[in-house]
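These notes concern the structure reproduced below.
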Amino acid sequence: MNLENNSILSFLHENQIEIQEEWHLALKELDDRKYSDFVSDAVYRQTAQEFIGILIQYMEGSTEEADQLLSDFTSRIVQSGWSMTFITKGVKKLGLLIFNKMTEHSSEEDKMKLVWQFDQKVSPLTEQLLLEYASSWERTVSLQKIALQELSAPLIPVFENITVMPLVGTIDTERAKRIMENLLDGVVKHRSEVVLIDITGVPVVDTMVAHHIIQASEAVRLVGAKCLLVGIRPEIAQTIVNLGINLNQITTKNSLQKGIEAALEMTDRNIVSTGELE
């Protein structure tokens, strides 16, 4: 095959449908995470068609339009959960597929010329694809982190003037700051008189965690509300005693139920059975 300067682009134009078909089948075979079990054949076919179309546009010189299309394409594959390893292998497979088809009857000299063309025409786009993937993945992770932070320390009103903050998982310095902010904002917003911090889902309470809880309790007191610490399991109580942590300034209860009962008493209310009202 006579390999002219723009032979890759010409070859893609002439064999686009065939290459798309073979590459989409190759993507399914490469799929080591078995997306093919729940991703339709049409998705692989559309992915192959879209990327090859972007490659053609890029090689034709429409770089700005190709860049935008590549950015949109990358965002979709990140949201679909395809890994960078899979994308890297897939793009490499496409390059080999095109190269092998173009050099089927070529001399070694022509093959070397084509390698140079690939470096000049194809490699920049594949490198940009991986950079776009990394950037899109980082944006996705950042948005997920923000969403998790918003859910990591919710303040929930359960009765008038009574709110609960259920905590689950470990508490580090960054999360402790979020807890403090949400507590103070929530106390004012919900006009809370009593706040219950429920640590049932906190696996470990060490000196640092206890310090953060004490600070949060003091901050709540300073804005005119009372703070109860609930959900103290026996093993947590033992750890607190062994570490010599002083929680004398905080009212504690072993369960959320006991805490709510105490909070109702603090606000001059109590729970009665319907039988008592008759």
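Rule-based calculations on the coordinates, nothing more; no lab input. All figures in this text were calculated on a predicted structure; none of them were measured in a lab. When we count neighbours, we look across all protein chains shown, and the Cβ atoms used for this are built from the backbone with ideal geometry, even at glycine.
Odds and ends about this structure:
- Note that the range 156-277, at 4 °C in a medium of 1.567 mPa s, gets a Stokes-Einstein diffusion coefficient of 88 µm²/s from its Kirkwood radius over C-alpha pairs.
- Cα long-axis angle, helix 234-243 against the chain (0 to 90 degrees, to the nearest 10): 80
- Ordering Trp137, Trp116, Trp23 from the fewest to the most neighbouring beta carbons within 10 Å gives Trp116, Trp137, Trp23.
- Listed by Cβ neighbour count within 10 Å, with the fewest neighbours leading, Ser273, Ser192 appear as Ser273, Ser192.
- Rounded to the nearest 0.05, the FRET efficiency derived from the C-beta distance between Leu25 and Gln144 at R0 = 25 Å is 0.15.
- Relative contact order (%) - the chain, alpha-carbon pairs under 8 angstrom, separation at least six: 13
- Under-5 Å amide H pairs with Val230, H placed in peptide plane, nonlocal only: Ile197, Asp198, Ile199, Lys253
- Ratio Rg/Rh [Cα only; Rh per Kirkwood] for the chain: 1.29
- Relative counts (whole %) of C-alpha pair distances in the range 7-149, using bins that are 5 Å wide: 2, 9, 18, 21, 20, 14, 8, 4, 2, 1, 0, 0
- Look at Thr88, Thr239, Thr173 and count the other Cβ atoms within 10 Å of each Cβ; fewest to most, that gives Thr173, Thr88, Thr239.
- Cross-link pairs exceeding 29 Å in C-alpha to C-alpha distance, out of Lys93/Lys145; Lys93/Lys113; Lys145/Lys226; Lys189/Lys258; Lys89/Lys121; Lys145/Lys253, comprise Lys93/Lys145; Lys145/Lys226; Lys145/Lys253.
- Considering helices alone, the calculated mean residue ellipticity of the chain at 222 nm is -22000 deg cm²/dmol, with DSSP H runs of length four and up weighted by -39500 (n - 2.57) and normalised per residue.
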